[in-house]
Amino acid sequence: MKDLPTLWLSIPLLNTLQQIFLKQSAVHASGEFGIEWIVKLGSSPWFLFAIIAEIVCFVLWLRVLAQTDLSKAFPLSAVSYVFVLASAWLLYSEPVSALQLGGSALIIAGAWCVSTAPEERSIPTSSTKSAQ
């Protein structure tokens with residue numbers, strides 16, 4: 001479990017890289033949708049990079065799932081939204097609104113709350129039956 005923090009960080013980073021590569025693929029394959037567009041997309045090195053990033057991310061994700069609870073691991077994937085938003089702003093000069101920044105802060109706070117929750121979590125069950 002020593003490598004878990006590194007694995008956890010690699011997942012959103014690889015997801016972000018994949019989205020950047022897919023964006024570049026789409027730009028490379030500009031034009032009308034059709035067979036020619038699909039061939040352009042398939043011949044784009046960016047598209048190949050996106051596939052590789054997805055495969056690596058998938059393998060690392062399985063490693064994370066083998067070491068931790070799904071309920072703690074999955075919220076981490078939401079951090080990818082924040083990374084993609086920041087990357088879009090930095091790389092493509094896409095505008096970022098105050099609402100997007102606020103939502104990003106909530107995503108980070110939520111992922112932190114879930115990932116740092118105590119291990120012991122018991123849900124009380126009711127042993128009494130409702131009145132009939």
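Where a number appears in this text, it was derived from the coordinates with a stated rule and is not lab data. Here the structure is a predicted model, which is why all the values come from computation and not from measurement. FYI the Cβ positions are ideal-geometry reconstructions off the backbone, even for glycines, and counts take in every protein chain you see.
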Angle in degrees between helix 4-28 and the longest Cα principal axis of the chain, rounded to the nearest 10: 30 degrees
For the chain the mean separation of alpha carbon contacts under 8 Å (6+ apart) over residue count, i.e. relative contact order in percent, is 28 percent
Work out Dmax and Rg for the chain from the C-alpha atoms and quote the Rg first, both in angstrom. 19.9, 68
Assigning unit charges at the beta carbon (Lys, Arg +1; Asp, Glu -1) and nothing else, what dipole magnitude in debye, to the nearest 20, does the range 4-115 show about its Cα centre? 220 debye
